[in-house]
Every structure is written in structure tokens, then in C-alpha cells.
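Peer 1: First the structure, then my questions, so here it is.
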Amino acid sequence: MISKTGLEYEVRSTESHWVIAFAAMASPCEILVRCKNRSEAEHLASLSFSETRRIERKFSRYRDDNIIHAINHSRGRPVEVDEELARLLDYAEQCYRLSKGLFDITSGVLRQAWKFDGSPLEPDTRLIESLRERVGWDKVVWDGGRLELQPGMEIDLGGIGKEYAVDTVAEMLFQTSGAPLMVNFGGDIRARTAETQPVPWVVGIEDPDADGHAVGEIDLTNGGVATSGDVRRFCLVDGVRLGHILNPLTGRPVAGAPRSVTVLGDFCVEAGFLATLAMLQGVDAEKFLQEQDANYHCIR
């Protein structure tokens, strides 16, 4: 079906639920919902599609017409932000503090030194060190309403943006319909189900060595799931496979990390933060998650 905005989404039925599918945020997006009929499913599809596209347009670093572009090209001038972005920046600051600098939305510039296409790579130490000078949330001035970056610095909400979209869309659809549902944007997941309808959705844990094959399952009624790993984005340095998640403190990927980490949380943004932070612990990923009393599944 073509939405009112002229962009495509699909609505189809199964024996137990309706499926809404579209592409956004460089990911396949799928929503499963146990609603009454096609008319309701199509209404929810239109809402979810429009809201996802709104979030993507507003927060993508790939656009030149949004607030992220304005911030990243502010050349040291303060930029006023709205309430929605302020909440995300507050959350990003909290993640930075809790992670002791390992989760840093200013670290996106480090991608200029790396190419995660599965090929061998010889790191450019000088480039990495020069880029590191432009990284660090502690160099940012944030007062809750205005953000000021040093010249040459950038922010990238890629580490929380898709998870935020998943949580936002799930909550919006559930408040609209009250129907049990699960939102899945490229493996970032949020389920919402009324207490009177506790039939779980089944989420598969992907085998990193066998595309499409699950090594485990999660029964999910209310909560979020996120997975981080090197399944599709990695490089080879001296024959060692390194995932795409970069340590902002070193400018380099972390050696000894699991192939994938799947974490359950109350919200998708929470699960995503813990999954990413676990990968950054390298060989200590499992120990870190146990210390956080997290519900997780690691594959090495």
C-alpha cells in the first residue's frame, strides 16, 4: 500500500496477528499486532510509518536539513534544541556518565579512520589520534536547552536513535489501540501487551555464523530487546576480527568482544545501551552484564 506521504508500507495477515512492514533507518522494520481487523491494522501502519519517518528525518546525521546537521555545522556557536531532542541529550549524557566515557555520542567522527566491510585494514594511528581530539562529551556545553560543541566536533545519535524510535512507536501504537504488539526495527525490539492478554511474542536469537538460524528464543510480553555484535560490520586487523563498535577513549575497536550480545530490558533504549556497553568490555562482557544483573545472551 502507498501511504498518504507517497512512501510504501505493507500490511498482511497471518492466522494470529497482522504484520506491518516497511524500510526505514537503514533497516527492515516490522510490527506484529493482534488487532481486530484490516482497517485497524492499516490505521496503525500509517501511524507507525509516519512517526518512524519523522524521527528519522529529524535525527539522522545523513541529512542536511535537520537539527543534527545544524548542530554539527554550528562552528562553536550554541544551538537551541526542542524538548524532544533535549530528552535524548539528557539520556546520552546519563549514558556517558554511567559508562565512564565509553558511551559517547560525540565519537562518531572516529568512523573516518575505519572501514567495517569485512576486509583487512591497517589502522592509521595519526588519523585516529587527531580524530580523538574532537571526541568527548566532557568538552560539550549542555545546559538542558542549548548545546554548544567545539569547532570540528559532531554528535551522532546512531547509538540510541533507532532504539528510541522503537520505544516511541510501540508506545504510540499501544496507547492508540491497546492491542498486543511487537515492534522490530532491524533487531531492536519492543513489545507491549496488556496484563489481561499475557500471550508472549517469540523472539529468536540469531546465530552469527548461520544467517537466519536461531540459537535460542525469548518469550517477550512487555519489554525491550537489543543485540550488538560483529555479524555484518567488522574489519580484520593483523588477522584478528574486530567489530564496528569503537571505544571513544582509544579510538579503536575492542579486542576479545563476543560475536554478539543480546540484552533484555524494560525499554529498547535501555537494552541497547547495555548491549553496546557490554561489547566495549571485551573479554569481560559477561562479567559486566552479571554485575548489572542483566538478562542477557552472549555468543562467542
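Peer 1: Please list, in order, the residues from the stretch 75-89 whose amide nitrogen is less than 13 Å from a point placed 7 Å along the Cα→Cβ vector of ARG146.
Peer 2: Backbone N within reach: 76-81.
Peer 1: Do any trypsin sites (Lys or Arg not before Pro) in the stretch 34-111 lie in a loop, going by DSSP, with at most 13 other beta-carbon atoms within 10 Å of their beta carbon, and if so which?
Peer 2: Here the sparse-neighbourhood loop sites are LYS36, ARG63, ARG75, LYS100.
Peer 1: I would also like to ask the following. P(r) of the stretch 194-300 in 10 Å steps, Cα pairs, percent per bin?
Peer 2: Over the stretch 194-300, the share of Cα pairs per 10 Å bin runs 15, 44, 30, 9, 2, 0 percent.
Peer 1: While we're on this one: Just to confirm a number: summing +1 for Lys and Arg and -1 for Asp and Glu over residues other than SER16 whose beta-carbon lies under 14 angstrom from that of SER16, what do you get?
Peer 2: +2
Peer 1: Any idea how far apart ASP219 and ARG54 come out in nm if each label point goes 7 Å out from Cα toward Cβ?
Peer 2: Distance between label points: 3.6 nm.
Peer 1: Turning to a different aspect of this structure: Looking only at Cα atoms, what is the convex hull volume of the chain per residue, in Å³?
Peer 2: For the chain, the hull spanned by Cα atoms encloses 140 Å³ per residue.
Peer 1: Relative to the longest principal axis of the C-alpha atoms of the chain, give the angle of the C-alpha long axis of helix 268-279, reported between 0 and 90° and rounded to the nearest 10°.
Peer 2: Helix 268-279 and the main axis of the chain meet at about 40 degrees.
Peer 1: Now for a separate question. Just ASP65, ASP104, ASP266 to compare: in a GNM of the chain, with alpha carbon springs under 10 Å, which one fluctuates most?
Peer 2: Residue with maximal mean-square fluctuation among ASP65, ASP104, ASP266: ASP65.
Peer 1: Using only Cα atoms, tell me the angle between helix 161-177 and the longest principal axis of the chain; keep it within 0 to 90° and round to the nearest 10.
Peer 2: The answer is roughly 20 degrees.
Peer 1: How much accessible area per residue does the stretch 16-64 have, in Å², with a 1.4 Å probe?
Peer 2: Per-residue accessible area for the stretch 16-64 comes out at 48 Å².
Peer 1: Give a residue-ordered list of calculated ³J(HN,Hα) values for the stretch 40-51 (Karplus: 6.51 cos²θ - 1.76 cosθ + 1.60, θ = phi - 60°; whole Hz; x for Gly, Pro).
Peer 2: Whole-Hz 3J(HN,Hα) from phi for the stretch 40-51: 5, 4, 5, 5, 5, 5, 4, 4, 5, 4, 5, 5.
Peer 1: Please find the FRET efficiency linking GLU80 to ASP293, where r is the Cβ-Cβ separation and R0 is fixed at 41 Å, and quote it to the nearest 0.05.
Peer 2: 0.60
Peer 1: For the stretch 179-237 and the stretch 87-146, what is the separation of their C-alpha centers, rounded to whole Å?
Peer 2: 27 Å
Peer 1: Follow-up. How many percent of the accessible area of the stretch 133-267 is carbon or sulfur, using a 1.4 Å probe?
Peer 2: Roughly 48 percent of what the probe reaches on the stretch 133-267 is carbon or sulfur.
Peer 1: Counting only GluC sites (Glu not before Pro) that are in a DSSP loop and have at most 15 other C-beta atoms within 10 Å, tell me the longest site-free stretch of the chain.
Peer 2: Between the exposed loop sites, the longest stretch runs 16-132.
Peer 1: Another one. For the stretch 149-296, report the accessible area per residue in Å² (1.4 Å probe, heavy atoms, rounded to an integer).
Peer 2: Computed with neighbouring chains in place, this is 42 Å² per residue.
The values are calculated or read from the model by the stated rules, or taken from the named source; none is laboratory data. Quantities reported herein were computed from a predicted structural model and do not represent experimental measurements. Cβ atoms come from the backbone with ideal geometry, glycine included; neighbour counts cover every protein chain shown. Note: accessible area is taken over every heavy atom of the protein model, side chains too, but ligands, DNA and RNA are not part of it. Shrake-Rupley method; radii C 1.70, N 1.55, O 1.52, S 1.80 Å.
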